[in-house]
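Have a look at the structure below before the remarks.
What follows is calculated from the coordinates using simple rules that are stated; it is not laboratory data. If you're wondering where the values come from, they're calculated on a predicted model, not measured in any experiment. FYI the Cβ positions are ideal-geometry reconstructions off the backbone, even for glycines, and counts take in every protein chain you see.
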């Protein structure tokens with residue numbers, strides 16, 4: 001099950017609007033297929049994804065704690081088969 005958020009184009013604007021909090025994020029290709037699920041400080045992680053061309057689209061969910069982000073990412077990886 002993917003994150004219950006809409007895809008956004010992975011652009012500087014999207015990265016700039018990401019919170020500087022722990023969270024889980026999904027990267028997608030141009031067709032909306034999930035290509036990666038990871039966690040970390042969202043803005044930092046998305047800066048790297050943008051710089052390395054890791055995906056064309058992104059969606060994320062902020063979490064209250066690092067542990068919550070890790071756990072949610074593990075659940076989403078399992079559900080998506082990544």
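Applying 1/(1 + (r/R0)^6) with r as the Cβ-Cβ distance of residue 71 and residue 17 and R0 = 30 angstrom yields a FRET efficiency of 0.80. Applying 0.36 nm per residue to the separation of residue 82 and residue 56 and subtracting their alpha-carbon distance, the gain on full extension is 7.6 nm.
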